[in-house]
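First up is the structure itself, then whatever we jot down about it.
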C-alpha cells in the first residue's frame with residue numbers, strides 16, 4: 001500500500017473527515033456534517049497548537065482515514081510525556097484493508113519522535129470490534145474511563 005500518504009489535515013479535508021466521524025451509530029448522533037463552521041474553528045485551534053496532530057490518510061487523492069494525536073507533558077511517571085490517540089476513523093470502503101493499522105503505527109511512531117513514554121486511547125464501551133483491533137496491536141484495556149458532558 002505504498003500509494004498511501006499520511007499528512008497533516010487541511011481545511012479542504014474537513015468534509016471528508018466529518019463524514020467519517022459521522023459514519024457510525026455514535027457519530028451519527030453527535031456530528032453535524034451539514035455545518036462545518038465549528039469544525040473549521042476547531043481545526044484552526046488544533047493547527048495552532050504544536051502538541052496537536054490531526055492527520056489524514058490519502059489514497060489516490062481521496063481522504064480515506066483520519067486520527068488526532070495529542071502530546072501531553074506530565075509530572076506522573078517521573079515526568080513522562082504521553083500521547084493520546086482520538087478520533088480514529090477509516091472510510092467504509094477501506095475497512096479491513098490494513099489502513100487502521102497503518103494509522104495507529106503512524107501514531108506510535110510519531111509518539112516516539114515526540115519522546116512519549118506511553119501511548120493511550122479510549123474507545124466507547126460499545127465498540128467491541130475496535131477493542132479487539134487495539135488489543136491485537138498491543139494495547140491493553142488497563143483502565144476504566146470516565147466522562148462528563150458539560
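Read-outs throughout are calculated quantities, based only on the coordinates presented, and are distinct from any laboratory measurement. Quick caveat: nothing in here was measured; it's all calculated off a predicted structure. Positions of Cβ are backbone-derived with ideal geometry, glycine not excepted, and every protein chain shown enters the neighbour counts.
With semi-axes defined as the square roots of five times the eigenvalues of the C-alpha gyration tensor, the equivalent ellipsoid of the stretch 81-150 measures 19, 18, 12 Å, largest first.
Based on the Kirkwood radius over alpha-carbon pairs, what value in µm²/s does the Stokes-Einstein equation return for the translational diffusion coefficient of the chain at 10 °C and 1.306 mPa s? Walk me through the intermediate numbers first.
Numbers: Rh = 16.3 Å.
So the translational diffusion coefficient is about 97 µm²/s.
Based on the Cα coordinates of the stretch 1-75, what is the per residue volume of their convex hull in Å³?
Numbers: hull volume 9.6 nm³, N = 75.
Taking the convex hull of the Cα positions in the stretch 1-75, it is 129 Å³ per residue.
Remark: relative contact order (the chain) = 18 percent; criterion is Cα-Cα distance under 8 angstrom and separation of 6 or more residues. Rounded to the nearest 5, what % of the DSSP beta bridges within the stretch 4-136 are antiparallel ones? For the stretch 4-136, the DSSP antiparallel bridge percentage is about 85. Each label was represented as a point 7 Å from its Cα along the Cα-to-Cβ direction; for residue 60 and residue 149 these points are 3.9 nm apart.
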